[in-house]
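Notes to accompany the following structure.
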Amino acid sequence: MVSAMTRQPYPPASRLDLVEELHGVPVPDPYRWLEDPDDPATKDWLEAQEGLFA
């Protein structure tokens with residue numbers, strides 16, 4: 001039996017080494033890959049996340 005206080009871990013999300021410069025300020029964007037809804041990696045990650053709430 002799983003305790004109500006026990007959470008399943010979120011699916012691992014890879015992190016890109018991506019930094020954009022906006023108005024002279026470096027802004028890291030490690031999860032940019034999640035912005036493409038047609039990417040198979042994004043679809044897999046979303047399905048795994050949705051499985052947490054099923």
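A few remarks follow.
- Filter pass, residue 30 being touching a helix residue (DSSP H, G or I) at 6+ places or on another chain (Cβ under 8 Å) and of a type outside the set (A, V, I, L, M): no
- Any hit, the stretch 42-54, residues being assigned to a loop (DSSP other than H, G, I, E, B) and open to solvent by less than 90 Å² (accessible area, probe 1.4 Å): no
- Whichever residue in the stretch 8-35 is assigned to a loop (DSSP other than H, G, I, E, B) and free of Cβ contacts under 8 Å to residues at least 12 places away in the same chain and, among such residues, is most open to solvent (accessible area, probe 1.4 Å): 23
The values are calculated or read from the model by the stated rules, or taken from the named source; none is laboratory data. If you're wondering where the values come from, they're calculated on a predicted model, not measured in any experiment. Because the Cβ atoms are built from the backbone with ideal geometry, glycine has one as well, and the counts that use them run over all protein chains shown. With ligands, DNA and RNA removed, areas are computed over all heavy atoms of the protein, side chains included. Shrake-Rupley method; radii C 1.70, N 1.55, O 1.52, S 1.80 Å.
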